[in-house]
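A quick write-up on the structure given underneath.
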Amino acid sequence: MAIAVKDRVVVPTIIALSVIVPVVVLILMYLPERYNLFGASSGSFPLFHAVLNGCTALFLLTGYFFMSVKEYKWHRNFMIAAFALSCVFLVSYVISKISNDPVPYGGEGTLRYIYFFVLITHIVLSAIIIPLVLFTMYRGLTGEYSRHAKVARWTFPIWFYVAITGVLVYIFMAPYY
């Protein structure tokens with residue numbers, strides 16, 4: 001199947017996922033009732049999410065390193081691993097939102113402003129990164145390397161920021177879980 005033909009299927013699918021995923025997460029955050037699917041305590045999810053985000057950041061840096069030294073097979077493998085961790089994070093995050101009430105931030109003063117800046121930029125860029133990652137992965141896996149590189153220039157720093165700020169949000173919130 002030619003890439004142009006695949007694009008007619010894949011591009012609308014990426015766009016649909018890029019809209020559906022953030023909408024579903026937003027809806028789940030405002031559920032009137034929670035359903036603890038696995039009986040997990042609310043504190044176990046955030047630590048798991050921070051570990052996933054931290055590992056994603058490390059995989060992204062490692063993948064970037066391998067790209068810079070032209071070890072493209074290793075670059076691909078680490079980026080796919082980062083994508084897989086992000087998918088596990090997303091599924092776990094959805095389960096945590098179904099299972100547990102939101103925990104409010106209890107900090108005060110300057111830290112409160114810093115926390116909300118980090119949180120808001122993390123949330124906004126988390127929605128933006130979905131289509132960027134999907135398009136970057138698609139272009140790379142289909143061998144469209146020049147198009148892959150053009151979108152990856154934007155994807156990498158945003159994805160890395162989202163992963164790092166995910167860990168920071170956990171650090172800010174850890175005393176309140």
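The values are calculated or read from the model by the stated rules, or taken from the named source; none is laboratory data. Only a predicted model underlies this, so the values are computations on that prediction, with no experimental measurement involved. Glycine also receives a Cβ, built like all others from the backbone with ideal geometry; neighbour counts cover every protein chain displayed.
For this structure, a couple of remarks:
- Any hit, the range 12-29, residues being under 25 Å from residue 148 (Cβ atoms), surrounded by fewer than 13 Cβ atoms within 10 Å (Cβ to Cβ) and either of a type in the set (Phe, Trp, Tyr) or touching a residue at least 60 places away in the same chain (Cβ under 8 Å) (or both): no
- Boolean, residue 119 is under 17 Å from the mean Cα position of the chain (by Cα) and either in contact (Cβ under 8 Å) with a residue 12 or more places away in the chain or under 18 Å from residue 63 (Cα atoms) (or both): yes
- For the residues 152, 127, 174, 163, the requirement of being buried (at least 19 other Cβ atoms within 10 Å of the Cβ), part of a helix (DSSP H, G or I) and in contact (Cβ under 8 Å) with a residue 60 or more places away in the chain singles out 163.
- Of 129, 158, 171, all but one fail to be out of contact with any Phe, Trp or Tyr (no Cβ under 9 Å at 6 or more places or on another chain) and within 16 Å of residue 49 (Cβ to Cβ); the exception is 171.
- Qualifying residues in the range 62-81 (those that are surrounded by 16 or more Cβ atoms within 10 Å (Cβ to Cβ) and either among the basic types (Lys, Arg) or out of contact with any Gly (no Cβ under 6 Å at 6 or more places or on another chain) (or both)) - the one nearest to residue 92 (Cα to Cα): 81
Yes or no, residue by residue, for (1) at pLDDT 95 or above; (2) under 20 Å from residue 166 (Cβ atoms):
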site: 9; (1), (2): no, no
site: 28; (1), (2): no, yes
site: 32; (1), (2): no, no
site: 50; (1), (2): yes, yes
site: 60; (1), (2): yes, yes
site: 69; (1), (2): yes, no
site: 85; (1), (2): yes, yes
site: 95; (1), (2): no, yes
